[in-house]
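Structure first, commentary second.
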Amino acid sequence: MKEDFLVFDHVTKRFGALTAVDDVSLSITKGEFFSLLGPSGCGKTTLLRMLGGFERPDSGRIYLEGRDITDLAPNERRVHTVFQNYALFPTMTIWDNIAFSLKLAKKPKAEIEESVDSILEMIQMSDHAWKYPNQLSGGQKQRVAIARALVDRPQVLLLDEPLAALDLKLRQHMLIELDTIHDQVGITFMYVTHDQGEAMSLSDRIAVINKGRVEQLDVPAKIYEAPASRFVASFIGDTNFFSGEIASVEGDYCTIKVEGFPPIRAYNDKNLAPGQKVDLSVRPEKIRVTINPPLPEKGAGINVFPSKVRDIVYQGVYTKYWLVSSSMLVSALKPHSRFLLDQEAITWNDDVFVWWHPDDGYMVEAK
Amino acid sequence: MTDPASVSRERPPMSKRMAKDTGKNRPGKAEWLVTIPSFAWLMLFFAIPALIVLLFTFHAKSANGGVGPWSLSTWRELVDPDYPAIVWKTLRVSFKVTLWCIVLALPCSYAIARMNKKWRGLVAGAIMLPFWTSFVVRVFAWKTMLHPEGWLQTCYHAWLHFKIWLLAWIPGVSAPAAQSANPEGCLLGLARCAIDNASTRILDSEAAVVLVSVYTFLPFAIMPIYTAAEKFDFSLMEAARDLGARSFYAFRKIFIPGIRQGIVSAVLMVFIPVIGSYVIPQMVGGKDCLLIGNKIFERAMGNRNIPHASALSVLMAISVLVPMGLAVWWKSRQTQRSRRRMEEDAVRRAERRDER
């Protein structure tokens, strides 16, 4: 069955008193680019290491194409890892590094040469084949590490924060390259990262992990727009939280009573009943900041709150505002177009209005 | 661009490119000054004495046990029928000791390097602990253990007896085993007698010299290998396992090449002292295992023939330096060859790419 390509079945792993992975069940499709996203120490690397065979779960099983691989040694499963520090063999040339797994599999010599040369070409490193790893730059080492893990076409490729050691420009470049490589080889990628930007731009699906548990498993857009919990909303991107209680429900919408803040209207997609405690998440880019209140044709039910500008951070593409509204600090993003010509000149301590449509807030149930 | 010459013309040959890197860090004048004290020390206490020893060999001995006039008689007298055998035995023993030391030190260093920090220091310290007692005392302790009534010899005997007893009692095994042990078809009782005669004594044999030398020089093998292993990146082992290697394969192909430098220094640290050792063979080797060091000692102190002793020393030095020089030459030729091969490979690949 296509759905059951790679399955984590109620996997738990403890290190002493710490439960690194707590009853995790995942199902990954063949050919998918799947990301495990979470803060450091959340257990995502432990999950990866269990799949690689370097750790054994305390309970639960791992299946790969219907075969139970839980107790197999790392060399007995066709799952290769791209390590964070690349782990290229310093005593071997690039060519020998890449040929390592093929030689172990005792492939014929001509086939090894053919595969290594063609993958070297794919990563555009043919001219460096005879070099040693310490003669390469970080990005080149990264590409070699990926090529070495891909050359004998594993069933799954594991990537453990592969871009963490690269600088920003190179990271952005490698992101595109990784995506291209994934499209070319069609192998299932399992990508571990704490960088939500990387995960969002590459993944078909993301599992957000916190404290050893899967908080949410979905496509990137769903994770961003419809976070399942307060943790997911705060970990993925910036957001403003309004914690309160549903006071009343009016059709598809409801009114939330927040202490020390005027009532807020929000879209009640989960049909929550009055009295339910909720966290309302409103992304900064959804909040508008204007000197004049919005025109009435914007809609009757929109949330409008007078505020005072506390801080302005100009960031080129957009400007970030920190505003105080009824003693709460709210952040808002304003993208620029013709910034110097016709932007309303908002400066420090101006009295302004912040406003957003009820559809732009997203409610999660508070625990 | 299918002509190989045109491809290689584009980039300078590899040897040149590599030479460029090494030329960068040439030491300046000030750095040479810093080396003067150690350099002077080496000249004064190593190079000049070595030269003097070499010069002695071209003198005859004097009647009072000193160095006589210039002469080639020493070298002519050196043609002693025993010497080739002794040199060969010395090299063989040194080789055995070095091999055992390395074989034992490798897993030991690996294990220490994988321990956590606290244990690492403790175990490494424990390995150096024997150095707190005198070397001669330690060798003497071995002498008592290996003595015919010492506990090690007793255990060895007991083990041999047990083996015979075992072979006698396991049906099917006993007949061929007894036969092979005693080609004349002796009875078991006879085999037992054979155990107790002098041939099974450990003391005063080559085995005793090897055993005690391994004991003495093992820390000198462990320390450099451990130092290299401590710096070794063990995630490389995981990477090798991940790519399909068994643990032992990873140990052989990744760990050992990774700590090559440590192994080379361990070999030198063991081989060179063993080849010149004379205390251990003197004390536990008996008449059976006199090495070149003992001969030099005998000539210098017993016969008071300093030129002869010098000539033996030179002979010994040559017997070490020539194989080592050969090894270095062979290694550099290997490196050159593999470089050339890689260069040719690169050219070949470039050609193939252009054809496509």
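The values are calculated or read from the model by the stated rules, or taken from the named source; none is laboratory data. Given the structure is predicted, the values throughout are model-derived calculations rather than measurements. Reconstructed Cβ throughout: ideal geometry from the backbone, glycine too, with neighbour counts over all protein chains shown.
Could you list, in sequence order, the residues of segment A:253-266 that are in contact (Cβ under 8 Å) with a residue 12 or more places away in the chain and surrounded by 12 or more Cβ atoms within 10 Å (Cβ to Cβ)? So that I can check it myself, show each step before the final result.
Looking only at segment A:253-266, we keep the residues that are in contact (Cβ under 8 Å) with a residue 12 or more places away in the chain, and these are A:253-254, A:256-266.
Result: A:Tyr253, A:Cys254, A:Ile256, A:Lys257, A:Val258, A:Phe261, A:Pro262, A:Pro263, A:Ile264, A:Arg265, A:Ala266.
How many of the residues making up segment B:198-221 are of a type in the set (A, V, I, L, M, F, W, C) and under 19 Å from B:Trp151 (Cα atoms)? Full working, then the answer.
So in segment B:198-221, the residues of a type in the set (A, V, I, L, M, F, W, C) come out as B:198, B:202-203, B:207-212, B:214, B:217-218, B:220-221.
Checking which are under 19 Å from B:Trp151 (Cα atoms) leaves us with B:198, B:202-203, B:207-212.
Residues meeting the conditions: 9.
Regarding B:Val322, is this residue of a type in the set (A, V, I, L, M), out of contact with any strand residue (DSSP E or B) (no Cβ under 8 Å at 6 or more places or on another chain), free of Cβ contacts under 8 Å to residues at least 40 places away in the same chain and more than 14 Å from chain A (Cβ to nearest Cβ)? Talk me through it step by step, then tell me what you get.
Numbers: of a type in the set (A, V, I, L, M): yes; out of contact with any strand residue (DSSP E or B) (no Cβ under 8 Å at 6 or more places or on another chain): yes; free of Cβ contacts under 8 Å to residues at least 40 places away in the same chain: yes; more than 14 Å from chain A (Cβ to nearest Cβ): yes.
Judged against the criteria, B:Val322 is a match.
I'd like to verify a number: residues in segment A:1-34 that are part of a loop (DSSP other than H, G, I, E, B) and more than 19 Å from the chain's Cα centre (by Cα), how many? Let's see the steps before the verdict.
The first filter runs over segment A:1-34 and keeps only residues part of a loop (DSSP other than H, G, I, E, B), leaving A:1, A:5, A:16-17, A:29-32.
Retained after the next criterion (residues that are more than 19 Å from the chain's Cα centre (by Cα)): A:1, A:5, A:16-17, A:30.
Adding up the residues that qualify gives 5.
Out of segment B:225-265, which residues are of a type in the set (A, V, I, L, M, F, W, C), outside any helix (DSSP H, G or I) and at the interface with chain A (Cβ under 9 Å from one of its Cβ atoms)?
Taking segment B:225-265 and keeping what is of a type in the set (A, V, I, L, M, F, W, C), we get B:225, B:228-229, B:232, B:234, B:236-237, B:239-240, B:243, B:245, B:248, B:250-251, B:254-256, B:259, B:263-264.
Cutting the leftovers down to outside any helix (DSSP H, G or I) gives us B:232, B:234, B:243, B:245, B:259.
Within segment B:225-265, B:Leu243, B:Ala245 meet the criteria.
Within segment B:302-345, can you find the residues that are basic (Lys, Arg) and under 20 Å from B:Leu268 (Cβ atoms)? Steps first, answer last, please.
Residues of segment B:302-345 basic (Lys, Arg): B:304, B:331, B:333, B:337, B:339-341.
Matches in segment B:302-345: B:Lys331 only.
Return the residues of segment B:48-101 that are charged (D, E, K, R) and either assigned to a loop (DSSP other than H, G, I, E, B) or under 24 Å from B:Pro281 (Cβ atoms) (or both); say none if nothing qualifies. Explain how you work it out, then say what you get.
From segment B:48-101, those charged (D, E, K, R) are B:61, B:76-77, B:80, B:82, B:89, B:92, B:96; that's our starting set.
B:Glu77, B:Asp80, B:Asp82, B:Lys89, B:Arg92, B:Lys96, listed by residue number.
Do any residues in segment A:157-186 that are part of a loop (DSSP other than H, G, I, E, B) have Cβ atoms under 8 Å from those of residues that are of a type in the set (Gly, Ala, Ser), where the two are at least six apart or on different chains, and which pairs are they?
If the second residue must be of a type in the set (Gly, Ala, Ser), the pairs left are A:Pro162/A:Ala145; A:Ala165/A:Gly138; A:Leu166/A:Gly138; A:Leu166/A:Gly139; A:Asp167/A:Gly138; A:Gly186/A:Gly31.
Report, by residue number, each residue of segment A:239-267 that is modelled with pLDDT under 90 and assigned to a loop (DSSP other than H, G, I, E, B).
Residues satisfying the conditions are A:Gly251, A:Asp252, A:Glu259, A:Gly260.
Going through A:Val313, A:Val289, A:Val317 one at a time, which residue ends up being loosely packed, with under 15 Cβ neighbours inside 10 Å, in contact with a Lys or Arg (Cβ under 7 Å, 6 or more places away or on another chain) and farther than 20 Å from A:Tyr267 by Cα? Full working, then the answer.
Numbers: A:Val289 fails: loosely packed, with under 15 Cβ neighbours inside 10 Å; A:Val317 fails: in contact with a Lys or Arg (Cβ under 7 Å, 6 or more places away or on another chain).
Just a single option satisfies the conditions, and that option is A:Val313.
Would you be able to tell me the number of residues in segment B:90-101 that are more than 8 Å from the chain's Cα centre (by Cα), of a type in the set (A, V, I, L, M) and surrounded by fewer than 18 Cβ atoms within 10 Å (Cβ to Cβ)? Steps first, answer last, please.
Step one: list which residues in segment B:90-101 are more than 8 Å from the chain's Cα centre (by Cα), which gives B:90-93, B:100.
From what is left, the residues that are of a type in the set (A, V, I, L, M) are B:91, B:93.
Okay, now just the ones that are also surrounded by fewer than 18 Cβ atoms within 10 Å (Cβ to Cβ), so none.
Qualifying residue count for the region: 0.
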